[in-house]
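The values are calculated or read from the model by the stated rules, or taken from the named source; none is laboratory data. From a predicted model like this one, the values you see are computed outputs, not experimental measurements. All Cβ positions, even for glycine, are placed from backbone atoms using ideal geometry, and neighbour counts span all protein chains on display. For the accessible areas, the whole protein counts, side chains as well, though only heavy atoms, and no ligand, DNA or RNA atoms are used. Shrake-Rupley method; radii C 1.70, N 1.55, O 1.52, S 1.80 Å.
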Amino acid sequence: MTRIANPEELNRLRETLIGAVKPDMPYVSICAGTGCLACGCQPVANEFRRLFAERGLQEKCLLRTTGCHGFCERGPLVVIHPQGIFYQQMKPEDVEEVVEKTIEKGEVVHRLLYKHPQTGEEIVREEDVPFYKHQKRIVFADNGKLDPREIEDYIRLGGYQALAKVLFEMTPEEVIGEVKRSGLRGRGGAGFPTGMKWEFCRKSAGDEKFIVCNADEGDPGAYMDRSVLEGNPHSVIEGMIIGGYAIGSTEAYVYVRDEYPLAVQNLAFAIEEAKKRGLLGRNLLGSGHNFNVKINRGGGAFVCGEETALIASLEGRVGEPRPRPPYPAVQGLWGKPTNVNNVETWANIPHIIRKGADWFASVGTKNSGGTKIFSLVGKINNTGLVEVPMGTKLSEIIYDIGGGIPEGKMFKAVQTGGPSGGCIPAKLIDLPIDFEELAAADSIMGSGGLIVMDENTCMVDLARYFLEFLKEESCGKCVPCREGIDRSLEVLRRICAGDGAPDDIPLLEELATTIKDFSLCGLGQTAPNPLLSTIRHFRDEYEAHINEKKCPAHVCKELTFYYIDPDKCKACMICLRKCPTEGIIGGKFRIHVIDQEKCTHCGTCFEVCPSRFGAVIRLSGEPVPSPIPEEARILSRRE
């Protein structure tokens, strides 16, 4: 692998790589992100390789294992180009048929196609699948087109062209000005204007400055940054080099979660390849500019997503936040000016430099340029990663891309921004997603988690769940966060258990305001969001728990009771066998009855009772006597 000495050599290499691939030459793109690996993509890829070697197809068709394609629940995903034929949930035994019919004969294997869940229509091309059709991809655009371990794939697609432009055609001030004009705001959650942040750091006094990539993605169910690092690590590296040039830094750190082994492997491999090509290290592309990137594996603390806690962890200290100011741009890593941005922010930079600030600003809203990647999970038909322009309505994401709610149930709410985010109710489903609109609804953008909830979700229990998570993840350094979350959680647990009092809601609101106003870092300042948003939009559920001792969604165990209707019970013994506490009395030809003293309200009987019988009844409120007397539940026979 030869070193690239100047921009001209980079251009010649790119042209050579483009010319080596004929426009009509077929190639197979196999998703090898963590989701598809878990679904078994590796045996599928191995079978393709075996058959290609056996049939001499290596020179006729390319085979690429790529990063995440986004539609995670349908993996393993395989796309046949140039037609863009989209196959889903492939197995190794399917590969031979795909090779014979699609690659060799150009025919479609219909049974592997995606079928529209409502119409049953077979969809052949990836771009026509509703999940992809309604997205606009910038950061994720190349994930399915390149092998993250092949730097030449990235260069062929225009990689490092932005770096060459910056080093030889732009001053640091011009780079910062371009980023400012683009309207790019930090994608890690706070939404601070990226160009302004760079400008502060450049103007800070100091002969040594640092670049940090925050890849400590800790929100439950969120994996946007992981997928970018796994699938296109060079885009992040290139963005960091450009940022280093702009602020006057020659050294960078990627702080990545230790739970992301594949991201760490692919990033480390990309760093070594970039060094060999002269794109990292000394004298980049003959410009005289030096830049190095090191990886630091995080310790698994959620609070280290906050930049001052992350910096403390990088320095080898306990990951605790510190008061600001001074901000990291003035006094950060080892007391030096430091610029911290997250993975997605860095990955946007090469696109802005290559295509221009005006192009980027034309996507999104006036105050928030570009796109945002969201992790769409929960009670949704299409689970996966979604990239849409800033300002896209929630309804478009949930229904046009996500395919709506499973089993025809009602949409109830969506939580944005992870455990510190707020819950947006169904009445606000047309809310445009951007920083200001979400803040007005008592929520945040966060790193991009979207958790969808249906009619069976208890919003009080949901607030309790997220506060339990935040209590465990709080570093405990400041009293408002440490004690305030713990006290709020104590009150929520009482309400869920049916022991709430009328003054609990005002108490929770007062606690939330105190935590929000006086906590030291972003974790504490945003921790009350789940609480405040659920009280604001679902106050009636809190009141039902407190005043009526009922859980409208039948979720809170202490307020939910199960009974068997003797007129509907068929004595099939399914619930009796599945009950984990042996709390169901009955037998063959004997009507079943739930022993309320043994019942733990787990709901297993309700879930397993055949829908055609509907014998298990779920009620909320105070328990009622058994529907049939003691002797009847043992002796009654059903002929």
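Projecting each Cα onto the charge dipole of the range 42-154 (Lys/Arg +1, Asp/Glu -1 at the beta carbon, about the Cα centre), which of Ile103, Phe131, Leu57 comes out farthest on the positive side? Toward the positive end, the furthest listed residue is Phe131.
For the chain, what does the alpha-carbon gyration tensor say about shape, rounded, prolate or oblate, given a ≥ b ≥ c as the root eigenvalues, a/c under 1.5 as rounded, and a/b over b/c as prolate? Oblate is the answer for the chain, as a/c is 1.5 or above yet b/c matches or exceeds a/b. For the range 69-136, the relative contact order is 27 percent, taking Cα pairs closer than 8 Å that sit 6 or more residues apart in sequence and dividing their mean separation by the residue count. In this structure the amide hydrogen of Asn292, modeled in the peptide plane, comes within under 5 Å of the amide hydrogens of Glu251, Ala252, Gly281, none closer than 5 places in sequence on its chain. Apply 1/(1 + (r/R0)^6) to the Cβ-Cβ distance of Val608 and Lys115, taking R0 = 41 Å, and write down the FRET efficiency to the nearest 0.05. About 0.90, to the nearest 0.05. Each residue of the range 581-595 was assigned a 3J(HN,Hα) from its phi angle through the Karplus curve 6.51 cos²θ - 1.76 cosθ + 1.60 (θ = phi - 60°); the sequence is 10, 6, x, 10, 9, x, x, 4, 6, 10, 4, 8, 9, 8, 7 Hz, with glycine and proline shown as x. The alpha carbon centroids of the range 31-87 and the range 123-171 are separated by 18 Å.
Given the range 314-372, report the % of alpha carbon pairs whose separation exceeds 12 Å. So the pairs more than 12 Å apart make up 75 percent of the total in the range 314-372. Which one, Ala190, Gly70, Val166, projects farthest toward the positive side of the charge dipole computed for the range 65-193 from Cβ point charges (K/R +1, D/E -1)? Of Ala190, Gly70, Val166, it is Ala190. When only Cα pairs below 8 angstrom with a gap of at least 6 residues are kept, the chain shows a relative contact order of 11 percent. Solvent-accessible surface (1.4 Å probe) assigned to Ile311 amounts to roughly 10 Å².
Basic side chains Lys and Arg get +1 at the Cβ, acidic Asp and Glu get -1 at the Cβ, and with that the dipole of the range 46-154 about its Cα centre reaches some 240 debye. Here the range 11-76 is assigned +1 on the Cβ of each Lys and Arg and -1 on the Cβ of each Asp and Glu. Its dipole about the Cα centre then comes out at about 140 debye.
Remark: the range 3-144 carries 47 Å² of accessible area per residue (probe radius 1.4 Å; ligands, DNA and RNA excluded).
Using only Cα atoms, tell me the angle between helix 459-473 and the longest principal axis of the chain; keep it within 0 to 90° and round to the nearest 10. Result, in degrees: 50.
Only Lys, Arg, Asp and Glu carry charge here, each on its Cβ (+1 for the first two, -1 for the last two); on that basis the chain has a dipole of about 700 debye about its Cα centre. Hull volume per residue, based on the alpha-carbon atoms of the range 475-590 and their convex hull, is 141 Å³.
For the range 250-319, the calculated P(r), taken from all Cα-Cα distances in 5 Å bins from zero up to the bin holding the longest distance, is 4, 17, 22, 18, 17, 12, 8, 2, 0 percent.
Across the cross-link table entries Lys412/Lys557; Lys409/Lys516; Lys412/Lys471; Lys379/Lys477, which are compared at the Cα atoms, the separations over 29 Å belong to Lys409/Lys516; Lys379/Lys477.
Computed from Cα atoms, the angle from the helix 41-55 axis to the main principal axis of the chain rounds to 50 degrees. Here Lys568 sits with roughly 90 square angstrom of accessible surface, probe radius 1.4 Å.
The coefficient of translational diffusion for the range 255-392, derived via Stokes-Einstein from the alpha carbon Kirkwood radius under 20 °C and 1.002 mPa s, stands at 120 µm²/s. Whole-Hz Karplus values for the range 116-122 come out as 4, x, 8, 9, x, 5, 7 Hz, taken residue by residue from phi with 6.51 cos²θ - 1.76 cosθ + 1.60 and θ = phi - 60°; glycine and proline positions read x. When all protein chains stay in place and ligands, DNA and RNA are ignored, the 1.4 Å accessible-area order of Tyr160, Tyr260, Tyr465, largest first, is Tyr465, Tyr260, Tyr160. Can you send over the carbon and sulfur percentage of the accessible area for the chain, probe radius 1.4 Å, protein chains only? Solvent-exposed carbon and sulfur of the chain make up 50 percent of the total. Per the Debye formula on identical point scatterers at the alpha carbon atoms of the range 544-602, with no solvent, log10 I(q)/I(0) at q = 0.14, 0.17, 0.21, 0.26 Å⁻¹ is -0.45, -0.62, -0.82, -1.03. Close amide-amide hydrogen proximity is noted between Lys393 and Ile433, each under 5 Å apart and 5 or more residues distant or on a separate chain (H modeled in the peptide plane; Pro and chain starts excluded). Measure nothing but the geometry: give the 0 to 90° angle between the long axis through the Cα atoms of 479-496 and the longest principal axis through the Cα atoms of the chain, rounded to 10°. Approximately 40 degrees, to the nearest 10. Send over a whole-number figure in Å² for the accessible area per residue of the range 487-605, probe 1.4 Å. In whole numbers, the range 487-605 has 46 Å² accessible per residue. Note on the range 173-190 and the range 203-238: Cα centroid distance 15 Å, given to the nearest whole angstrom. With every protein chain in place and a 1.4 angstrom probe, the accessible-area ranking of Glu15, Glu100, largest first, reads Glu15, Glu100.
The residues of the range 146-276 have, on average, 31 Å² of accessible surface per residue, using a 1.4 Å probe with all protein chains present.
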